[in-house]
1. List the number of the failed condition for GLU142; all other conditions in (1) of a type in the set (D, E, K, R); (2) at pLDDT below 90; (3) in contact with a Lys or Arg (Cβ under 8 Å, 6 or more places away or on another chain); (4) within 18 Å of ASN176 (Cα to Cα) hold.
2. What is the one condition in (1) within 30 Å of LYS413 (Cβ to Cβ); (2) in contact (Cβ under 8 Å) with a residue 60 or more places away in the chain that ALA180 does not satisfy?
3. Do you know which residues across region 26-51 are crowded, with 24+ Cβ neighbours inside 10 Å and either closer than 26 Å to ALA419 by Cβ or without any contact (Cβ under 8 Å) to a residue 24 or more places away in the chain (or both)?
4. Here is a check on your reading of the model: is ILE6 in the same structural domain as ILE386 (by TED's automatic domain parsing), surrounded by 24 or more Cβ atoms within 10 Å (Cβ to Cβ) and in contact (Cβ under 8 Å) with a residue 12 or more places away in the chain?
5. Under the condition of being out of contact with any strand residue (DSSP E or B) (no Cβ under 8 Å at 6 or more places or on another chain) and among the polar types (S, T, N, Q), which residue from region 290-324 is farthest from THR218 (Cα to Cα)?
6. From the residues in region 183-193 that are surrounded by 22 or more Cβ atoms within 10 Å (Cβ to Cβ) and among the aliphatic types (A, V, I, L, M), which one is nearest to LEU229 (Cα to Cα)?
7. Just a yes or no: is a residue in region 211-220 more than 22 Å from SER25 (Cβ to Cβ), outside any helix (DSSP H, G or I), basic (Lys, Arg) and in contact with a strand residue (DSSP E or B) (Cβ under 8 Å, 6 or more places away or on another chain)?
8. In region 13-85, which strands (runs of 3 or more DSSP E) lie fully inside it and hold 2 or more residues that are under 30 Å from THR253 (Cα atoms)?
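The values are calculated or read from the model by the stated rules, or taken from the named source; none is laboratory data. A quick note: this is a predicted structure, and the numbers were derived from the prediction, not measured. FYI the Cβ positions are ideal-geometry reconstructions off the backbone, even for glycines, and counts take in every protein chain you see.
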Amino acid sequence: MFKYVIEGGNQLSGNVRIFGSKNTSLTVLPAAILTDEVLEFTNLPHVQDVVSMLAMFADVGATISLKNSTEDASLALSLSFKGDIKNIAAYEFVSKMRASILLLGPMLSRFGYTEISLPGGCTIGSRPVDLHIMAMEKFGAEITLENGYIKARAPKGGLVGGRIEFPKITVGGTENALMAAVLAKGETIIENAAIEPEILYLCDILIKMGAKIDGVGTHTLKITGVAKLHGAKYCVPSDRIQTFTYSIISAATGFNVDIVGASMGDFLGTIKPLSDMGIEVFEKDGVIKTVKKGEKLTPVNVKTDVIPGFPTDCQAQLMALCAVTEGKSIISEDIFENRMMHVPELNRMGADIKIDGNTAYVNGVKSLFGTKVMATDLRASACLVIAGLVAKGTTEISRVYHIDRGYDFLPAKLEACGAKIRKITE
C-alpha cells in the first residue's frame, strides 16, 4: 500500500503532458474481440485500469504485444483474439473495474456464449447491469444470473438486430449494444443512446473495422450488421478528465501549469463552470492554458449530468477549488448517489461543506490545512491531491491505489512543475 505526502502552498509552473483517455481506452479495447484480425492501438495511458483489462484479455487467450512508446511514455500494443479464446471473464479480473462489463456485447456477438462476473470498481454508488442485460435480450439472447456471473447465450444462428430503446441514457449500455449490433443479423436501432465522446470514439473504431453505423453523435443510432470485421489502427484521443483536473490544479496553484498533448474539443463540455468562476481556458500553439479573468474567482452553481451536461467525473476536482473560493458554491451530483465521499475528508482539512441529499453547499475558506486523509475512489483521490497542493502544511493521502487507476505518473508530473509530493510505502 502506498500514500502521497504533499507539502502544500507552493505555486506551480511548467508543462503537463496528457496521454490517451482512460475511459476511451476501456471502451475501444473490447472492440478487438469482434474480429480475429489484429488491432493496433497507440497513445494508451499507462494506468492500472488499462493494465487490468489487458490482464483479463490475456487470461481469456488474447495475443498481446505491448510496448512503451520511447517518445512520451504512453503505451502501444497489438491485440488479437484469434485461436483458442475462453469466453469466461473471471471474478479476479472483473472485480477490479466496472468496464469489464463491456466484454458482454462483443463476446456474445462473436462467440455466441459468454460468462461475465458481475463487475466491481469504485464504490461511488449503484451501477446496475439491468440495461446491459435488457439490450442483449433484445437481440434474442438468453440471460441468466448464476453464482455472481452473467451467463448469456445467443439464439441459434447468432444475434438478431432489433429496436433497443433505453429508458434512461446509459453510456456502458449504449457501448455494449453497439458492439453486439455490428455483427448481428439485420438492422438495429438504438434509441436514447448516449452521446459521450467515448461513444463517438467507439463508433469511429468500429467503422474503421468495417461496421456500418449511421447517426453517430445523435441519440438514435442505426446499425446494419455485417458478417465480419477486420483489423485496424487506432490512436486513443487525449483524456478530457485529466485535462480538466490539471486545469483545476493550474487555477489553484497560480495559473502557470500548461497542458500539452490534449485537445480542446472534448474538453469544451467541462469548461462552463470554470468560465462561470472567472477562469478562461484556451488553446494556443497546441498548449492549453488557464488564465484568471478578474481579480478573484467567484462561486459557482453546477450539477452533474450526461453530455452535454457537466461530467460526474469532474465534480470532486471542481469542489476542491470551490472549497478555497470566496462565497457559497452549490454542487449537485445527479449521476451517482454515493459520489461525495471526499467531502468529509475535505472538511478534515478545514473546508466548510455541508451536504443535503445529493447537493453540497460549499462555503469557501481562506485556506486549507494539511492532515491525514483517505482516498475513497478515483476522482476523490484527485480532489484530495488538489486540496493537498493548496493546503498549509503536510497532507498525507492514503489508499492512493485509486488514483493509479486513472492518472499516469501523477507525482512525477507535479514534481516537474515544482510540487513537493512523494509516493511512499505506508
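1. (2)
2. (1)
3. Scanning region 26-51 gives LEU44, PRO45, VAL47, VAL50.
4. It is true that ILE6 is in the same structural domain as ILE386 (by TED's automatic domain parsing), surrounded by 24 or more Cβ atoms within 10 Å (Cβ to Cβ) and in contact (Cβ under 8 Å) with a residue 12 or more places away in the chain.
5. THR298
6. The selected residue is LEU183.
7. Yes, there is a match, as at least one residue in region 211-220 is more than 22 Å from SER25 (Cβ to Cβ), outside any helix (DSSP H, G or I), basic (Lys, Arg) and in contact with a strand residue (DSSP E or B) (Cβ under 8 Å, 6 or more places away or on another chain).
8. 14-17, 39-44
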